[in-house]
1. Farther than 17 Å from Val215 by Cα and not charged (D, E, K, R): which single residue out of Leu311, Leu274 fits that description?
2. In region 79-114, what residues are of a type in the set (Gly, Ala, Ser), under 30 Å from Gln368 (Cβ atoms) and away from ligand 1 (no atom under 16 Å from the Cβ)?
3. Only one of Val198, Val257 is β-branched (Val, Ile, Thr), buried (at least 17 other Cβ atoms within 10 Å of the Cβ) and either assigned to a strand (DSSP E or B) or modelled with pLDDT under 90 (or both). Can you tell me which?
4. Is at least one residue of region 229-244 buried (at least 24 other Cβ atoms within 10 Å of the Cβ) and more than 26 Å from Arg288 (Cα to Cα)?
5. Which residues, counting only those in region 140-157, are open to solvent by less than 30 Å² (accessible area, probe 1.4 Å) and within 16 Å of ligand 1 (Cβ to nearest atom)?
6. For region 121-130, check the following and say yes or no: at least one residue is open to solvent by 10 Å² or more (accessible area, probe 1.4 Å), in contact with a His (Cβ under 8 Å, 6 or more places away or on another chain) and within 13 Å of ligand 1 (Cβ to nearest atom).
7. Mind checking whether some residue in region 321-332 is among the polar types (S, T, N, Q) and buried (at least 16 other Cβ atoms within 10 Å of the Cβ)?
8. Take region 78-102 and flag every residue that is touching a residue at least 40 places away in the same chain (Cβ under 8 Å) and either surrounded by fewer than 21 Cβ atoms within 10 Å (Cβ to Cβ) or within 18 Å of the chain's Cα centre (by Cα) (or both).
Amino acid sequence: MKAVAVFPSRREIRVVDHPEPKLTSPTEARMRVLEVGVCGTDREIAGFQYGTPPDGSDYLVIGHESLSEVVEVGAQVSKVKAGDLVVATVRRPCPHASCVACREGRQDFCYTGDYTERGIKRRHGFMTEFIVEEERYLNVVPRELREVGVLTEPLTIAEKSLEQLSMVQQRLPWACTGDAGKGPGRRCRAVVLGAGPVGILGAMALRLAGFEVTVYSRSAGHAEQNGIVSAIGARYIAAETHSVEELAAAAGPIDVVYEAVGASGVAFEVIKQLGPNGVFIFTGVPGRKGPIEVDTDDIMRDVVLNNQALLGSVNAPPHSFQAAIAHLGAFVSRWPDAVRSIITARFPIDQALEPLAAPGAGTKSVVQVSL
Ligand SMILES: [Zn+2]
Ligand SMILES: [Zn+2]
């Protein structure tokens, strides 16, 4: 069967003939892959910056944002059945008995770093015709979300972040987590940095949770992102024409910043604009661009005097996938056109190298493996 494979040692990426997987345990299910989303992580793997093949393989099948259909289940599988649409989680536990996170099924908090990840680290990914997975790593997606279900995995980044945010903000007796009416006489205010898929989906999750949302992004020329932001009742401020001080004046006082650009320069400029008791959530992984100058005394003083929290978040547990599926359904009933318009291009698997090479003008590119 066809699979998109990255050969790190040869610095080569192409569609290969990959052996079709079979069930090897009674708790596994076999799926026909429908769609696989392409993100910055995939493009970095396709650019040979990281990405590790499984032991004994000279290539890695890429792809971690999946939507597939169950075609066969093992004798002990009870959670999914043939015909179900499913999204698989990405990270698998490390083998160490001492890692309490992995032993608890929370490999998103792995202590050792020896976890594996499908399509990223030592496990083949989903950009191929058929996959096999343990049922505990599968999440059922309702049929009516067929068109947008591939957005589940990128939405889990926001789901885990917002759960962490609400835990941190339980320190405030009035629980400033966006729930209108419970706040200190006003709605809580969020700034989203970046209008890529992670930023847009984060803005939707924050709007759904009741936050006032401002998206600050460099992609001023991208009318469709701007259109999506307005459609969900958020505000778009273009970074090219508005300084972070102007952003803060328009959006503040800022209770939460959801960073989804992976650029430390703008992130550390915006940290200085975080309001009292605010939380700054980092989700992007910056590339190495050399040192930048920031006034650390200034930042440290503000963090202390304003009770601020800086929080990093990566990967997501199964319950964040379930939350993402439920919230994707809520997004579709509230903003059907906006959600659909996040996916701007679909490519057949033979043309997968195109979105893997460059992001293109739209928001989200998807590889359509089968119909
Ligand atoms: Zn991704
Ligand atoms: Zn671990």
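1. When all the criteria are applied, what remains is Leu311.
2. Within region 79-114, Ala82, Gly83 qualify.
3. Only one candidate passes the filter, namely Val257.
4. yes
5. Matches in region 140-157: Val148, Gly149, Val150, Leu151, Thr152, Glu153, Pro154, Leu155, Thr156.
6. For region 121-130, residues open to solvent by 10 Å² or more (accessible area, probe 1.4 Å), in contact with a His (Cβ under 8 Å, 6 or more places away or on another chain) and within 13 Å of ligand 1 (Cβ to nearest atom): absent.
7. Among the residues of region 321-332, at least one is among the polar types (S, T, N, Q) and buried (at least 16 other Cβ atoms within 10 Å of the Cβ), which makes the answer yes.
8. Answer for region 78-102, where residues must be touching a residue at least 40 places away in the same chain (Cβ under 8 Å) and either surrounded by fewer than 21 Cβ atoms within 10 Å (Cβ to Cβ) or within 18 Å of the chain's Cα centre (by Cα) (or both): Ser78, Lys79, Val80, Asp84, Val86, Val87, Ala88, Thr89, Val90, Arg91, Arg92.
The values are calculated or read from the model by the stated rules, or taken from the named source; none is laboratory data. Because the structure is predicted, anything quoted here is derived from the model rather than measured. For neighbour counting, all protein chains shown are included, and Cβ atoms are generated from backbone atoms with ideal geometry for every residue, glycine included. What goes into the accessible areas is simple: the full protein's heavy atoms, side chains included, and nothing from ligands, DNA or RNA. Shrake-Rupley method; radii C 1.70, N 1.55, O 1.52, S 1.80 Å.
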